[in-house]
Amino acid sequence: MSKKPILWAVGLVLVIGAIVTMKPLIHGWDRSVPTNLNAVSGYDQATVTLSGTKINVQIPTTVALQEQGLAGRTTLSDKQGMLWLYSQPDRYTFWMKGMLIPLDFVWIEQGHIVDLTPNVPPPAKGQLYFPIYRPVSPVTAILEVRSGFIGDHGLSTGQAVSIDKK
């Protein structure tokens, strides 16, 4: 049996592996993500008030920004967050791919908290599969805040939430 087909297959696998590995470098992938949420353009801004606390949030406005989310950020203050707004209520799913810090998820519908997911950990280095997080009922808004925010501010389901877009 000729060894040529095997050598071609091994060579092809090596070339594909090199392309996949080099793709971030070829496309200039920049992992240095700003930690100041207000320094990033392309986001709408809003103030979310819950349990007497005002939070300055960013609302991703493009598919690329939605895919990025808070991934790569190394800090998030008590007064910062990201808000996801949807026109139709649904049980939207979230994961922590690319996250470096733990988060709390506040699930919102019709101006009230309907579910809380506290202390969601970032993935382990090299993790290939990611848990999926979703609310118990349909929502039109999801607020991501620093881990511990829910407990520190005594949040609970049923509490009112106001969103003031700027």
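Since every read-out is calculated from the coordinates, none of them should be taken as a lab result. Fair warning: this is a prediction, and the values are worked out from it, not measured in the lab. Note that each Cβ is placed from the backbone with ideal geometry, even for glycine, and that neighbours are counted across all protein chains shown.
Figures for the structure shown
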| quantity | calculated |
| --- | --- |
| Stokes-Einstein diffusion coefficient of the range 46-86, Kirkwood radius over Cα pairs, 25 °C, 0.890 mPa s, in µm²/s | 221 |
| Summed residue charge, Cβ within 11 Å of Thr47's Cβ, Lys/Arg positive, Asp/Glu negative | +3 |
| Sparsely packed chymotrypsin sites (Phe, Trp or Tyr not before Pro) within the range 121-166, loop by DSSP, other Cβ within 10 Å at most 15 | Tyr129 |
| Kirkwood estimate for the range 34-165, i.e. one over the average of 1/r between Cα atoms, Å | 14.8 |
| Under-5 Å amide H pairs with Arg146, H placed in peptide plane, nonlocal only | Asp104 |
| Pair Phe130, Arg91: separation of 7 Å Cα→Cβ label points (nm) | 2.0 |
